[in-house]
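The values are calculated or read from the model by the stated rules, or taken from the named source; none is laboratory data. Model, not experiment: these values are computed from the prediction. No Cβ is skipped: glycine too gets one built from the backbone with ideal geometry, and neighbour counts run over all protein chains shown.
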């Protein structure tokens, strides 16, 4: 059995984390595809004390986005398309990062990935955050 260097261990763990995030994002897409806003069969109900809150209708909005009903998705939650876009882009970014990640470019890719993901998060979630 080969002993991994510290950098190889970091790369291995970073790839695992990326695949886990991609899996979580994939499950969000699957959930959105299985449950329908039209049937109102989402098993996770809103827990907002004051309704409506900024996340009310987000699951229904995602369900309409995966069905390409963008106008209806916008009606369910005005932030839904931007938030879905974050998950969509991050899903593919996790695989892209794993493809280009090497020992030579690890630090550059890591910091670029962090900066891009944080900026994308702030842009896409600004309706919920600010």
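Annotation: residue 97 fulfils all but one of (1) within 21 Å of residue 130 (Cβ to Cβ); (2) buried (at least 18 other Cβ atoms within 10 Å of the Cβ); the unmet one is (1). Out of everything in segment 116-125 that is assigned to a helix (DSSP H, G or I) and in contact (Cβ under 8 Å) with a residue 12 or more places away in the chain, what residue ends up being surrounded by the most Cβ atoms within 10 Å (Cβ to Cβ)? The qualifying residue surrounded by the most Cβ atoms within 10 Å (Cβ to Cβ) is 124. Of 69, 79, all but one fail to be without any contact (Cβ under 8 Å) to a residue 60 or more places away in the chain, under 20 Å from residue 122 (Cβ atoms), over 13 Å from the mean Cα position of the chain (by Cα) and surrounded by 16 or more Cβ atoms within 10 Å (Cβ to Cβ); the exception is 79.
Look at (1) in contact (Cβ under 8 Å) with a residue 40 or more places away in the chain; (2) buried (at least 16 other Cβ atoms within 10 Å of the Cβ); (3) farther than 30 Å from residue 98 by Cα and you find that residue 54 fails only one, number (2). Within segment 31-43, being loosely packed, with under 15 Cβ neighbours inside 10 Å and under 18 Å from the mean Cα position of the chain (by Cα) holds for 33, 34.
Can you say whether residue 28 is in a helix (DSSP H, G or I), exposed (fewer than 12 other Cβ atoms within 10 Å of the Cβ) and modelled with pLDDT of 85 or more, as far as the supplied structure shows? Considered against the rule, which asks whether it is in a helix (DSSP H, G or I), exposed (fewer than 12 other Cβ atoms within 10 Å of the Cβ) and modelled with pLDDT of 85 or more, residue 28 comes out as no. Can you say whether residue 96 is touching a helix residue (DSSP H, G or I) at 6+ places or on another chain (Cβ under 6 Å) and either assigned to a helix (DSSP H, G or I) or touching a residue at least 12 places away in the same chain (Cβ under 8 Å) (or both), as far as the supplied structure shows? It is false that residue 96 is touching a helix residue (DSSP H, G or I) at 6+ places or on another chain (Cβ under 6 Å) and either assigned to a helix (DSSP H, G or I) or touching a residue at least 12 places away in the same chain (Cβ under 8 Å) (or both).
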